[in-house]
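What follows is a single structure, written as structure tokens, with notes after it.
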Amino acid sequence: MMSTLKSFVIFLLWLYFASSIHAKVHVRVINMLRDGRSMNIHCQSKDDDLGNIILKNGDETEWSFSDNFWGTTLFYCDVQWENLNYHFDVYSNARDHKRCHSECRWMISDYGSLYGYDQESGKWNSFPLKPMRAS
């Protein structure tokens, strides 16, 4: 009886971890610069380069991925408009696993403001956009 219970508990734990590893995370980044300003965005991870995309004001880009087994998934983006160049981590497992476990929504607005939606609290929070040197 105890062996059967132990096996069942191990099976349930395995099932839980297996399902959480393959859960998809959906990422959306929207341009809210206003005044008709477009921005160039280039997002990538160690394994995937999503290429350069031009987002018109109000447009968004989106993609999905599965977090890796080790919990080290990192996607980052470089954004540019006018003569401004910024960088930000769009998904870092350490920071975002709970904050946006199934959907990471980002909004870039005037003056280099970056806002990320927190699924746990239901609120938009401010995040840093790191200035980059123009290339």
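The values are calculated or read from the model by the stated rules, or taken from the named source; none is laboratory data. All values derive from a computational prediction rather than experimental measurement. Cβ placement follows ideal geometry from the backbone for every residue including glycine, while neighbour counts extend to all protein chains displayed. These accessible areas exclude ligands, DNA and RNA; they are computed on the full protein's heavy atoms, side chains included. Shrake-Rupley method; radii C 1.70, N 1.55, O 1.52, S 1.80 Å.
Taking other residues whose beta carbon is less than 12 angstrom from the beta carbon of Y86, and scoring Lys, Arg as +1 and Asp, Glu as -1, yields -1. Pairwise inverse Cα distances across the stretch 26-135, averaged and inverted, put the Kirkwood hydrodynamic radius at 14.2 Å.
Could you tell me the calculated FRET efficiency between R95 and T4, based on Cβ-Cβ distance and R0 = 30 angstrom, to the nearest 0.05?
Details: r = 41 Å, r/R0 = 1.35.
With R0 = 30 Å, the Cβ-Cβ based efficiency is 0.15.
Residues within the reach of a label modelled at K24 (point 7 angstrom out along Cα to beta-carbon, backbone nitrogen below 12 Å), restricted to the stretch 44-69, are 63-66. Cα centroids of the stretch 30-44 and the stretch 62-135: 13 Å apart.
What accessible area per residue, rounded to a whole number of Å², is obtained for the stretch 79-135 using a probe radius of 1.4 Å?
Numbers: 3350 Å² over 57 residues.
With the other protein chains kept in place, the stretch 79-135 gives 59 Å² per residue.
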